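Step one of this worksheet: look at the structure below.
The values are calculated or read from the model by the stated rules, or taken from the named source; none is laboratory data. Everything numeric in this text was worked out from a predicted model, so none of it was measured. We place every Cβ from the backbone using ideal geometry, glycine too, and count neighbours over all the protein chains shown.
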Amino acid sequence: MLATSSSDKASRIQAASEQMNNDTGSDTTGTACGGQTAADFWGEPVSVYTRADALLDGNLVDVTASAKETGFRIPVAVTRAVWEDCIAWSEDDSRRKRAGQSEAGRLHDVLNMTMFAVRVGRDSSRVNVVLNRVPREGRGVVARTVRLVATCGGGDNAEPVITIMQPGED
């Protein structure tokens, strides 16, 4: 084995990288696979379903205004399943259950417990949220433990967004 200096090794790596770029036509501007864009490499997508589409068709519910009151600084949405299971509450539910519940209060609970989970797991883009909520079904008024997941990821334009969902919905 030949002894080489680290600067010599770095020079050889740089030269090899430049040669590869010249051979493939890559200009190192973020294109992948020899200068191809993702669409060039993988082909055009069959279909695209954006966060905006999910908000429009109701699969996601935008709760950003309430989330800002809780301390969130980026857009927050909950899935329809989370809305129906943990937040939705009607006058009929109140009459049947005789429980002091409201959608605003239940949303407040989901957002506060999510904020708590985010603060505890602040270095993660995915946190587990545990909260107790009175179920809508049946006549019982005893709160049951529910487990949710909150993820922070890129929105339609790569902006940070939070989505609160049931485990397995992602």
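Hey, among the residues in segment 65-80 that are more than 15 Å from the chain's Cα centre (by Cα) and of a type outside the set (S, T, N, Q), which one's surrounded by the most Cβ atoms within 10 Å (Cβ to Cβ)? Outline the logic, then answer.
Restricting attention to segment 65-80, the residues satisfying the condition of being more than 15 Å from the chain's Cα centre (by Cα) are 65-66, 68-71.
From the residues that got through so far, the ones that are of a type outside the set (S, T, N, Q) too are 65, 68-69, 71.
On the way: A65: 8, K68: 14, E69: 9, G71: 11.
Going through the qualifying residues, I end up with K68.
Among the residues in segment 118-127, are any in a strand (DSSP E or B) and in the same structural domain as A65 (by TED's automatic domain parsing)? Talk me through it step by step, then tell me what you get.
Taking segment 118-127 as the starting set, the residues that turn out to be in a strand (DSSP E or B) are 126-127.
Then drop every residue that is not in the same structural domain as A65 (by TED's automatic domain parsing), which leaves 126-127.
Yes.
Could you list all residues from segment 140-170 that are assigned to a loop (DSSP other than H, G, I, E, B), among the hydrophobic types (A, V, I, L, M, F, W, C) and either in contact with a Leu (Cβ under 7 Å, 6 or more places away or on another chain) or at negative phi (or both)? Can you show your working first?
Narrowing segment 140-170 to residues assigned to a loop (DSSP other than H, G, I, E, B): 140-143, 155-159, 166-170.
Okay, now just the ones that are also among the hydrophobic types (A, V, I, L, M, F, W, C), so 141-143, 158.
V141, V142, A143, listed by residue number.
Which members of segment 135-170 meet the condition of being surrounded by fewer than 17 Cβ atoms within 10 Å (Cβ to Cβ), in contact with a helix residue (DSSP H, G or I) (Cβ under 7 Å, 6 or more places away or on another chain) and either among the small types (G, A, S) or free of Cβ contacts under 8 Å to residues at least 60 places away in the same chain (or both)?
Result: R139, V141, G155.
For segment 34-55: of the residues being among the hydrophobic types (A, V, I, L, M, F, W, C) and part of a helix (DSSP H, G or I), which is farthest from V161 (Cα to Cα)?
Filtering segment 34-55 for residues among the hydrophobic types (A, V, I, L, M, F, W, C) gives 38-39, 41-42, 46, 48, 52, 54-55.
So of that shortlist, the ones also part of a helix (DSSP H, G or I) come out as 38-39, 41-42, 52, 54-55.
Details: A38: 23, A39: 25, F41: 28, W42: 26, A52: 12, A54: 13, L55: 13 Å.
That would be F41.
Could you identify the single residue in T24, T64, T31, T50 that is closer than 30 Å to R122 by Cα and either modelled with pLDDT under 95 or aromatic (F, W, Y) (or both)?
Values: T24 fails: closer than 30 Å to R122 by Cα; T64 fails: either modelled with pLDDT under 95 or aromatic (F, W, Y) (or both); T31 fails: closer than 30 Å to R122 by Cα.
When all the criteria are applied, what remains is T50.
Got a number for residues in segment 81-98 being surrounded by 15 or more Cβ atoms within 10 Å (Cβ to Cβ) and more than 22 Å from E159 (Cβ to Cβ)? Outline the logic, then answer.
Looking only at segment 81-98, we keep the residues that are surrounded by 15 or more Cβ atoms within 10 Å (Cβ to Cβ), and these are 82-83, 85-89, 93, 97.
Still in the running and more than 22 Å from E159 (Cβ to Cβ): 83, 85-89, 93, 97.
Of the residues in segment 81-98, 8 are surrounded by 15 or more Cβ atoms within 10 Å (Cβ to Cβ) and more than 22 Å from E159 (Cβ to Cβ).
For segment 100-117, name all the residues that are farther than 13 Å from F72 by Cβ and part of a helix (DSSP H, G or I).
Narrowing segment 100-117 to residues farther than 13 Å from F72 by Cβ: 100-106, 109.
Of everything in segment 100-117, those that are farther than 13 Å from F72 by Cβ and part of a helix (DSSP H, G or I) turn out to be E103, A104, G105, R106, D109.
Find the residue count for segment 85-107, including only residues that are touching a residue at least 40 places away in the same chain (Cβ under 8 Å) and within 23 Å of the chain's Cα centre (by Cα).
Residues flagged as touching a residue at least 40 places away in the same chain (Cβ under 8 Å) and within 23 Å of the chain's Cα centre (by Cα) within segment 85-107 amount to 4.
So, in segment 119-145, of the ones that are touching a Gly at 6+ places or on another chain (Cβ under 9 Å) and aliphatic (A, V, I, L, M), which residue ends up modelled with the lowest pLDDT?
The residue in question is V134.
Give the residue, chosen from I162, I87, that is aliphatic (A, V, I, L, M) and under 23 Å from V48 (Cα atoms).
Working: I87 fails: under 23 Å from V48 (Cα atoms).
None of the others qualify; the one that does is I162.
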